[in-house]
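**Student:** Please find one structure pasted underneath; my questions will follow.
The values are calculated or read from the model by the stated rules, or taken from the named source; none is laboratory data. Everything numeric here is computed off the predicted structure, so don't read it as measured data. So basically every Cβ, Gly included, is an ideal-geometry build from the backbone, and we count neighbours across all protein chains shown.
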Amino acid sequence: MEDLNFNVHPPHLYPPYKSTILRSPTKPLMPVKELLKDLSLPVFGESVIGKFDNDLTKNARRNGEPIGERIKVSGVVMDEYGRLLPNILVEIWQANSAGRYIHKAEIHDAPLDPNFLGAGRMLTDRDGKYTFYTIKPGAYPWGNHFNAWRPNHIHFSVIGHQLEHRLVTQMYFPGDPLFDFDPIFQSVPKPARELLIAKFNMDWTDPEFALAYEFNLVLNGKSKTPFE
Amino acid sequence: MKKLRQTPSQTVGPFFAYGLTARQYGYDYSSIIDASLVSDDLEGDRIYITGHVFDGAGTVIPDAMVELCQADGQGRYRIVPIQQKNAGFIGFGRWGTGTTSDHCFRFTTIKPGSVAGQPPHINVILFMRGSLRHLYTRLYFSDETNDTDALLNSIDATRRQTLIAKRKEVNSTVEYHFDIYMQGERETVFFDV
C-alpha cells in the first residue's frame, strides 16, 4: 500500500491556478521509471561559481546596499533516505523587498532596487549544506484572479546528480497570511504544505547582522552511490 | 532507513529568466548553463535542436524553460565536474523561450552516441508558468533506426511520433525540429520519472 503521506506534489492540472488549464498534460504520464534509471545530470565544479553568487546583498551592488531586511537562508539537500548530497547546484531567484521582480515583463508598480538583482547560486558543501544571504522578498500582486497576491517566497532550482533528482520549488516564510489565498501554495496537498515553509532558526542567526531561516530540500529518489 | 517526504514541486513561474537564463535574455548576470551543450573547441559536427512549445489552444508558449541532457558522441554521460576551463562536452543545456521573438528554442550540440544499445536520444525537461511540476520527455532522431527501442515500444504506436525530432537541412546546417505539445491531438508523451 502506498502511504498517502508521501503524496506531496501538486497535480499537473489545478484549475484555481488558471495557467495550468491549457498548460498541463491531459493524458497520464508514461510509467518508465525502470527505463530512465541511473541517468546522470551534470556535476559542477567550484570554478563556475562566482565569489558573491551566494550573497544576493552583494552580487548586484552599484552604488550602495540593497534596501530591506537582510536574511540568511540555509539548509541541506538530501535524498529520500536522508543522505546528504554534496556538490549539488542550488539556484535561487526572488522579488526585491518591495515585491518587485527585475524581469522585463514584470509590470507591478513597485520600485526596483538598483543594488539588487535577486538571483544567486551555489554548490552544496561536503555535508550537503547551502547558505545564501539575501533580502527578504516582498509580496506581489498577480493576475490570476481579482486582488490575487503571492505570499513572500524565494524560487529554488536544484540539479542533483541524477535525472530524477531535478527539483524546482518555492520557499515560503512562516505564518504568511496569504497562504489561505494563494492557489500555487494550495496546489500542494494540505499535509505537505508545511514542507514548503522555512523554519525560523535563532541558532543560525548572525548576531546584529541577519536573521536566519532553515529550508531543507529532499529530492526524488535515492542517490546512486552511498554517501561517503 | 526511514524514508523522508520529498520537497513538493512548485512552478518555475514567469520570472525565472534573470536567474536561470540571464545571458540569453540580456540580464546583467552570468549563466553557467546555456544554449550550447558543447564548448566551441570541441570537435564534431554541430547539430541544432529547434522547436516550439504549444499550449492547449495551439498558442506558442513564450515563457517556458527547456533543459536538454544527453550523452556524448560515444554514448557516455559526462561525469567529470564541469569547470570554467575544461568545459568540452557539457551535455546539459537550458533555453528560455522568451529569448527570441518567435519563442522557439534553439540548442547547439553534437549528436549523442548510442547508450546501452538504445538509439541516440536526448532527455528533455520542461518547465513553465502554469506547470506545477516539471515534465520529462525524450527526443529521438528521425534519421536513426528507432523501432527496436524499448521505451518507444512501450508507448502507444499512435503517440510515438511525438518523440521523434525531424531532420532538416537549413543553409547546410543540420537541424532537428522537435515541437512540444502540452495538449491536443499531438500531445507529447511525458514520463513518470
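**Student:** Please pick out the residue among A:PHE146, A:PHE185 that is crowded, with 21+ Cβ neighbours inside 10 Å and either facing chain B (nearest Cβ under 10 Å) or without any contact (Cβ under 8 Å) to a residue 60 or more places away in the chain (or both).
**Tutor:** Just a single option satisfies the conditions, and that option is A:PHE185.
**Student:** Can you list residue pairs whose Cβ atoms sit under 9 Å apart, with the first residue in the stretch B:25-37 being outside any loop (DSSP other than H, G, I, E, B) and the second being aliphatic (A, V, I, L, M)? Count only pairs 6 or more apart in sequence or on different chains.
**Tutor:** Matching pairs, first to second residue: B:TYR25/B:ALA17; B:SER36/B:ILE90.
The rows are residues; the columns are (1) at pLDDT 95 or above; (2) of a type outside the set (Gly, Ala, Ser).
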| site | (1), (2) |
| --- | --- |
| A:PHE6 | no, yes |
| A:PRO11 | yes, yes |
| A:ASP38 | no, yes |
| A:ILE49 | yes, yes |
| A:ASN59 | yes, yes |
| A:MET78 | yes, yes |
| A:SER97 | yes, no |
| A:GLU106 | no, yes |
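**Student:** Would you mind finding the one in A:LEU123, A:LEU41, A:LEU89 that is facing chain B (nearest Cβ under 7 Å), in contact (Cβ under 8 Å) with a residue 40 or more places away in the chain and closer than 23 Å to B:GLN24 by Cβ?
**Tutor:** A:LEU41
**Student:** Then there is this: Quick check, is A:ALA210 surrounded by 20 or more Cβ atoms within 10 Å (Cβ to Cβ), hydrophobic (A, V, I, L, M, F, W, C) and in contact (Cβ under 8 Å) with a residue 12 or more places away in the chain?
**Tutor:** Judged against the criteria, A:ALA210 is not a match.
**Student:** Out of A:GLN162, A:GLN170, which single residue is within 12 Å of chain B (Cβ to nearest Cβ), of a type outside the set (Ser, Thr, Tyr) and under 18 Å from A:ASN216 (Cβ atoms)?
**Tutor:** A:GLN170
**Student:** Being among the small types (Gly, Ala, Ser) and either within 18 Å of the chain's Cα centre (by Cα) or more than 16 Å from A:THR57 (Cα to Cα) (or both) is the filter here; which residues of the stretch A:200-214 pass it?
**Tutor:** The one that is among the small types (Gly, Ala, Ser) and either within 18 Å of the chain's Cα centre (by Cα) or more than 16 Å from A:THR57 (Cα to Cα) (or both): A:ALA212.
**Student:** A follow-up question, please. If you go through the stretch B:57-90, how many residues are within 30 Å of B:GLU185 (Cβ to Cβ) and touching a Gly at 6+ places or on another chain (Cβ under 6 Å)?
**Tutor:** 5
**Student:** I need the full set of residues from the stretch B:105-125 which are more than 22 Å from B:ASP45 (Cα to Cα) and in contact with a Phe, Trp or Tyr (Cβ under 9 Å, 6 or more places away or on another chain), in order please.
**Tutor:** Answer for the stretch B:105-125, where residues must be more than 22 Å from B:ASP45 (Cα to Cα) and in contact with a Phe, Trp or Tyr (Cβ under 9 Å, 6 or more places away or on another chain): just B:ILE125.
**Student:** Would a scan of the stretch A:93-107 turn up a residue that is in contact (Cβ under 8 Å) with a residue 60 or more places away in the chain, assigned to a loop (DSSP other than H, G, I, E, B) and crowded, with 19+ Cβ neighbours inside 10 Å?
**Tutor:** Among the residues of the stretch A:93-107, not one is in contact (Cβ under 8 Å) with a residue 60 or more places away in the chain, assigned to a loop (DSSP other than H, G, I, E, B) and crowded, with 19+ Cβ neighbours inside 10 Å, which makes the answer no.
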